Amino acid sequence: MTAPRSFRAIGIILLLWNLMGVAAFIIQYTADLDQLAKTDPYTANIFAAMPVWAWAAYAVAVGAGTLGATLLLLRKDAAAPLFLLSIVAVIVQFGYSFIHTDLLAVKGITAAIFPAVILIIAIFQWRYARSLIAKGILR
């Protein structure tokens, strides 16, 4: 089946979005916490206290999303379960941030805006891949 005209553009945008997530993970995971503490001591403390399982969820979220976007562009139906895995990992990672820290109390409700956008895009990716599978575009 022929892909819609928007397929390649959406796929490239999703791949770039996920690659930005990988870059953000690397920057945050390797951040010089002493240097960060000079400008944002709260965030430095959050990163220092973040458990391995939360960092792993973050890595899985961006890794599965990036692999999913790559497979989407290659028209492989394995993109959908990878996007679903990314959603679950996003929920776990941000669940830690909002349940196990005082992030909202310190930074306010606006701290939830970008995580909400991330979750919405993750859900979009999964639903988009599923719709392409239903149309026979991903196999």
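Laboratory data are not the source of any read-out in this text; all were calculated from the coordinates shown. Computed from a prediction, not measured in an experiment: that's the story for all the values here. Reconstructed Cβ throughout: ideal geometry from the backbone, glycine too, with neighbour counts over all protein chains shown.
Report the Stokes-Einstein translational diffusion coefficient (µm² s⁻¹, integer) for region 72-139, Rh taken as the Kirkwood radius over Cα pairs, at 25 °C with viscosity 0.890 mPa s. Mind dumping the intermediate values first?
Details: Rh = 13.2 Å.
Rounded, D is 186 µm²/s.
Give, in nm to one decimal, the length gained when the segment between TRP53 and ALA116 is fully stretched (0.36 nm per residue of separation minus the Cα-Cα distance). Show your work: numbers first, answer last.
On the way: separation 63, 0.36 × 63 = 22.68 nm, distance 2.07 nm.
Length difference between fully extended and current span is 20.6 nm.
Looking at the calculated P(r) for the chain, what percent of the C-alpha pair distances fall above 22 Å? Mind dumping the intermediate values first?
Values: 4011 of 9591 pairs.
That fraction is 42 percent.
Starting from the Cα of ILE27, step 7 Å along the direction of its Cβ; do the same at MET1; then give the gap between the two resulting points in nm.
It is 3.8 nm.
Can you work out the Karplus-derived ³J(HN,Hα) for every residue in region 128-138? Use 6.51 cos²θ - 1.76 cosθ + 1.60 with θ = phi - 60°, whole Hz, and x for glycine or proline.
4, 4, 4, 5, 5, 5, 4, 7, x, 7, 9
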